[in-house]
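See below for the structure under consideration.
The values are calculated or read from the model by the stated rules, or taken from the named source; none is laboratory data. Keep in mind that what you see is a predicted model, and the values were worked out from it rather than measured. Backbone-built Cβ (ideal geometry, glycine too); neighbour counts: all protein chains shown. Heads up: the accessible areas ignore ligands, DNA and RNA and are worked out on the full protein's heavy atoms, side chains in. Shrake-Rupley method; radii C 1.70, N 1.55, O 1.52, S 1.80 Å.
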Protein chains: 2
Amino acid sequence: MTENGMMSRAKVLTIDTINPTVKKVEYAVRGPIVQRAVELERELSQGMKKPFAEVIKANIGDAHAMGQQPITFFRQDAKSRACRILQSCGGHSMGLYECDVFLDVARYIERRDGGVPCDPDDIYLTTGASDGIVTMLKLLVCGEGASRTGVMISIPQYPLYSAALAELGAVQINYYLNEEKCWSLDIPELQRALDEARQYCNPRALCIINPGNPTGQVQSRKCIEDVIQFAAKERLFLMADEVYQDNVYADGCQFHSFKKVLFEMGPEYSDTVELASFHSTSKCYMGECGFRGGYMELINMDDEVKAQLTKLVSVRLCPPVPGQALMDLVVNPPQPGEPSYDNFIKERTATLSALAEKAKLTEQVLNTVQGISCNPVQGAMYSFPRITIPEKAVKEATEKGQQPDMFYCMKMLEETGICLVPGSGFGQKDGTYHFRMTILPPSDKLKILLDKVKEFHQKFTQQYS
Amino acid sequence: MTENGMMSRAKVLTIDTINPTVKKVEYAVRGPIVQRAVELERELSQGMKKPFAEVIKANIGDAHAMGQQPITFFRQDAKSRACRILQSCGGHSMGLYECDVFLDVARYIERRDGGVPCDPDDIYLTTGASDGIVTMLKLLVCGEGASRTGVMISIPQYPLYSAALAELGAVQINYYLNEEKCWSLDIPELQRALDEARQYCNPRALCIINPGNPTGQVQSRKCIEDVIQFAAKERLFLMADEVYQDNVYADGCQFHSFKKVLFEMGPEYSDTVELASFHSTSKCYMGECGFRGGYMELINMDDEVKAQLTKLVSVRLCPPVPGQALMDLVVNPPQPGEPSYDNFIKERTATLSALAEKAKLTEQVLNTVQGISCNPVQGAMYSFPRITIPEKAVKEATEKGQQPDMFYCMKMLEETGICLVPGSGFGQKDGTYHFRMTILPPSDKLKILLDKVKEFHQKFTQQYS
């Protein structure tokens, strides 16, 4: 340590010398609101007085954390199957077991899609769907300046997408869902977003979340067909996030996989359009977030690219084997006549019915509140109501350097213990405000929660009028 | 599809339009040799005649895949603990459970390091050690051109490092381990590598693997002290990959953690040198690769950087909960008097003794072969012997566009069924050739394997002389 003794003592890694793409990453689902909620829980447990007895976390889609009972079949058999695998062919063997999973996933997709063929070689197991989505985005990113890869994502979006794009230094292209038409995806809006983006980047991929997160819409077959046509015409790689495929509640709504619609459109599309579809063990009726199980199916993917993908994922060794085992159970559930069948069906039905009821309840109660308007929660696990925030509150928030809906949600947390995520964390049209609330709390708790939200909103509106 | 109808049919994502950093990634441990081994297994199972009855995979450090029995305690208790956690606080809750793990990890580190304090807030749980290493490298990478981040890695290295650096577009700075001195790490060589690198990049981090992969050396306390002094003097962030910390076999060798040595060097170092240390459930006596459990400890990490890290990892939701539960068991093993204690100690001792025996056996047998010279396998799970490849074979390989040791290993696979990894996949001094072979096969199989290697090498040498 000579003349630069001072410098030597400075840290190597500081906020000024950190990877700048990391700094750009945002993830509202675990943002400041949640950090404050954790603090509040600690304060409560230390006996501090609060205007509420408990913190209710309605910020994250973790079903079991909110009291949903795991499906017995998965817990009984996942353990023994995971054990069998680990005993027999080791954690990251290329052996028989993984082949079984691939095959079972392929048969599942074929059953789901009414017989559209699925090649096990198109299946990649992933560490939850997030891992697959990030990996696919990583493959797609190249170029600099005006040829930098652009990726179209819906607004509102699930912030994994914006976070991954920020980290990869890709260009995020926003297309807005139509709140007035139940968060529908309109092709003219896709076209507008694409045409504008072509002036400053190279749009290569279009991401869809169906059923929607955070917006809960379920896309019609017609809409999916239009999106596929658009992608074909504009040469976009399609990424379909279909992790909520069993979470469809609204009458008249049905889940259509992009894969199925693609194949029904005939070889002009099914032989050419590149599609990655993602699924996971974390949502639907399973809700097994902790296992980090998932897969992606890759349609019309170039063979050399597939080889690159295989290489890339092998560096990380393998997705967790218990998650692989669980995924295998999910795609290979008990069949009629098998001992676990009746109980499995009973539990699955009960879980999905309860969610459907809570979806309806949420919409109904929220829409009784003046200044809150909530689209039907057709599917997935969230409501994303629009809230009116009085001018005076907007002003106070702005003075504090906060987004108005962050200000609103933070206040709600402090006064009621309810932890929601501000709409600004997902993106929204300028001048509109929302929050995302899961429909996951048990019915009785959800009722109380909704009443509290109502009461808070009324009080808040009064206070700032 | 108008005038550019042709273009419309071209794929969006091809080898020419893929992320160029992905193309640069290499991972020899699962490279062409292993792909061929998998093919050979399939051909054998289809009844094709081969000069061998089975493929023996000695390419990858997956202990259970090679027949090592799992420690009973982990299998019994991991399941019930994982269940308890998942039932109680959900997969990616911020709740009590993770706090337990952090606390248990911290107490484990304190016991290991003879009481050097460990703050649970410095612990981050990871999806295996690989995840932690890649995440830390990601934080460190910034700058362009001559200010681009450079990271020093040992040669030979574990190719996760080169793969991650390629993907991140960081500059890989090679420092060579001294094969003549049992793969020791010499400070003058560090200095040479650093000084050269400073001319074209901004060296910011120094990675160490101890015990070494693929080279099996165990660093002396003195060496670690020298490395820490070097890092302090040169302002380098230290990354210590200590996943083999229980895998020490050679007499007179002992594992010293970088953390412990750092703190014993006094506050001049322990208050300033930034250090990340990595551990996992995959190696040591556990060998539980499939669970993807791991943690990293971050010493002297800037608080703002920590906040960025917390944000970054939360985007990916959480490491697999069964892996967290298993990590908790590893750091919190049965204590004297507890029912599982005796059996746990018996199994752990047996596993480590068997590895020690196989380490010695490997070195002994390989050193009886003319043209193979093998350093003592002091620790970890691999031998990395140097092999003499005759000029004629080097020429034939070069004509085929293959690395000579790839040519050698491929030939060995085809003739004997033994799957090794060529030294070129790990890096080696120009003109030297090696292979990496795990010491993991059961003793009887390992003996056969070593004899076959011997026989093959003799035949190969004869053939090309």
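Out of the residues in the stretch B:59-75 that are in contact with a helix residue (DSSP H, G or I) (Cβ under 7 Å, 6 or more places away or on another chain) and part of a helix (DSSP H, G or I), state the one that is nearest to the other protein chains (Cβ to nearest Cβ). Break it down stepwise before answering.
Initial filter on the stretch B:59-75 (in contact with a helix residue (DSSP H, G or I) (Cβ under 7 Å, 6 or more places away or on another chain)): B:59-60, B:62, B:64-65, B:68, B:70-75.
From what's left, part of a helix (DSSP H, G or I): B:64-65, B:72-75.
Numbers: B:His64: 5, B:Ala65: 2, B:Thr72: 12, B:Phe73: 14, B:Phe74: 10, B:Arg75: 7 Å.
The residue in question is B:Ala65.
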Please enumerate the residues belonging to the stretch B:398-409 that are surrounded by fewer than 21 Cβ atoms within 10 Å (Cβ to Cβ) and assigned to a helix (DSSP H, G or I). B:Thr398, B:Glu399
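Per-residue answers, yes or no, for (1) within 29 Å of A:Met286 (Cβ to Cβ); (2) outside the structural domain of A:Asn247 (by TED's automatic domain parsing); (3) hydrophobic (A, V, I, L, M, F, W, C):
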residue	(1), (2), (3)
A:Ser353	yes, yes, no
A:Lys360	yes, yes, no
A:Leu366	yes, yes, yes
A:Ile372	no, yes, yes
A:Ala397	no, yes, yes
A:Pro404	no, yes, no
A:Tyr408	no, yes, no
A:Gln428	no, yes, no
A:Arg436	yes, yes, no
Could you grab me the full set of residues in the stretch B:224-233 that are more than 9 Å from every other protein chain (Cβ to nearest Cβ) and open to solvent by 20 Å² or more (accessible area, probe 1.4 Å)? B:Glu225, B:Asp226, B:Gln229
Could you check A:Gln245 against (1) touching a Lys or Arg at 6+ places or on another chain (Cβ under 6 Å); (2) within 24 Å of A:Leu352 (Cβ to Cβ) and say which number it fails? (1)
Report, ordered by the first and then the second residue, all pairs with beta carbons closer than 7 Å, sequence separation of six or more or different chains, a first member in the stretch B:285-302 that is more than 8 Å from chain A (Cβ to nearest Cβ), and a second member that is open to solvent by 10 Å² or more (accessible area, probe 1.4 Å) and of a type in the set (Phe, Trp, Tyr). B:Tyr295/B:Tyr124; B:Met296/B:Tyr124; B:Leu298/B:Tyr124
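Within the stretch A:410-430, how many residues turn out to be open to solvent by less than 10 Å² (accessible area, probe 1.4 Å) and more than 18 Å from A:Cys374 (Cβ to Cβ)?
Of all residues in the stretch A:410-430, those open to solvent by less than 10 Å² (accessible area, probe 1.4 Å) come to A:412-413, A:417-423, A:426.
Pick out the ones that are also more than 18 Å from A:Cys374 (Cβ to Cβ) and you get A:413, A:417, A:419.
So the answer is 3.
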Consider only pairs whose beta carbons are under 7 Å apart and that are at least six residues apart or on different chains; among these, list those whose first residue lies in the stretch B:305-327 and is assigned by TED's automatic domain parsing to the domain that holds B:Ile123 and whose second residue is in a loop (DSSP other than H, G, I, E, B) and small (Gly, Ala, Ser). B:Cys318/B:Gly91; B:Val321/B:Gly91
Is it true that some residue in the stretch B:267-279 is under 22 Å from the mean Cα position of the chain (by Cα) and of a type in the set (A, V, I, L, M)? yes
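Going by the conditions given, is B:Ser270 modelled with pLDDT of 95 or more and more than 19 Å from B:Ser154 (Cβ to Cβ)?
Numbers: modelled with pLDDT of 95 or more: yes; more than 19 Å from B:Ser154 (Cβ to Cβ): yes.
Against the criterion (modelled with pLDDT of 95 or more and more than 19 Å from B:Ser154 (Cβ to Cβ)), B:Ser270 qualifies.
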Going by what's in this entry, would A:Gln370 be described as without any contact (Cβ under 8 Å) to a residue 24 or more places away in the chain, of a type in the set (S, T, N, Q) and not in a helix (DSSP H, G or I)? no
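Kindly indicate whether B:Lys447 is open to solvent by 50 Å² or more (accessible area, probe 1.4 Å), touching a residue at least 60 places away in the same chain (Cβ under 8 Å) and at negative phi.
On the way: open to solvent by 50 Å² or more (accessible area, probe 1.4 Å): yes; touching a residue at least 60 places away in the same chain (Cβ under 8 Å): yes; at negative phi: yes.
When the stated conditions are applied, B:Lys447 passes them.
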I'd like to check something: does the stretch A:184-201 contain any residue that is among the hydroxyl-bearing types (Ser, Thr, Tyr) and assigned to a strand (DSSP E or B)? yes
Looking only at the stretch B:422-462, and only at residues there that are part of a loop (DSSP other than H, G, I, E, B) and out of contact with any helix residue (DSSP H, G or I) (no Cβ under 9 Å at 6 or more places or on another chain), the one that is farthest from B:Ile155 (Cα to Cα): B:Gly431
Tally time: how many residues in the stretch B:238-293 are open to solvent by 30 Å² or more (accessible area, probe 1.4 Å) and outside any loop (DSSP other than H, G, I, E, B)? 7
Members of the stretch A:343-372 found to be modelled with pLDDT of 95 or more, surrounded by 15 or more Cβ atoms within 10 Å (Cβ to Cβ) and β-branched (Val, Ile, Thr), listed by number: A:Thr362, A:Val365, A:Val369, A:Ile372
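Every residue, every condition in (1) part of a loop (DSSP other than H, G, I, E, B); (2) free of Cβ contacts under 8 Å to residues at least 12 places away in the same chain; (3) assigned by TED's automatic domain parsing to the domain that holds B:Arg386, yes or no:
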| site | (1), (2), (3) |
| --- | --- |
| B:Asp121 | no, no, no |
| B:Tyr124 | no, no, no |
| B:Lys138 | no, no, no |
| B:Cys142 | yes, yes, no |
| B:Ser154 | no, no, no |
| B:Gln157 | yes, no, no |
| B:Tyr161 | no, no, no |
| B:Glu167 | no, no, no |
Of everything in the stretch A:97-140 that's acidic (Asp, Glu) and open to solvent by 20 Å² or more (accessible area, probe 1.4 Å), which residue is nearest to B:Val12 (Cα to Cα)? A:Asp122
Tally, over the stretch A:303-345, of residues that are more than 13 Å from chain B (Cβ to nearest Cβ), among the small types (Gly, Ala, Ser) and either touching a Phe, Trp or Tyr at 6+ places or on another chain (Cβ under 9 Å) or within 25 Å of A:Ala231 (Cα to Cα) (or both): 1
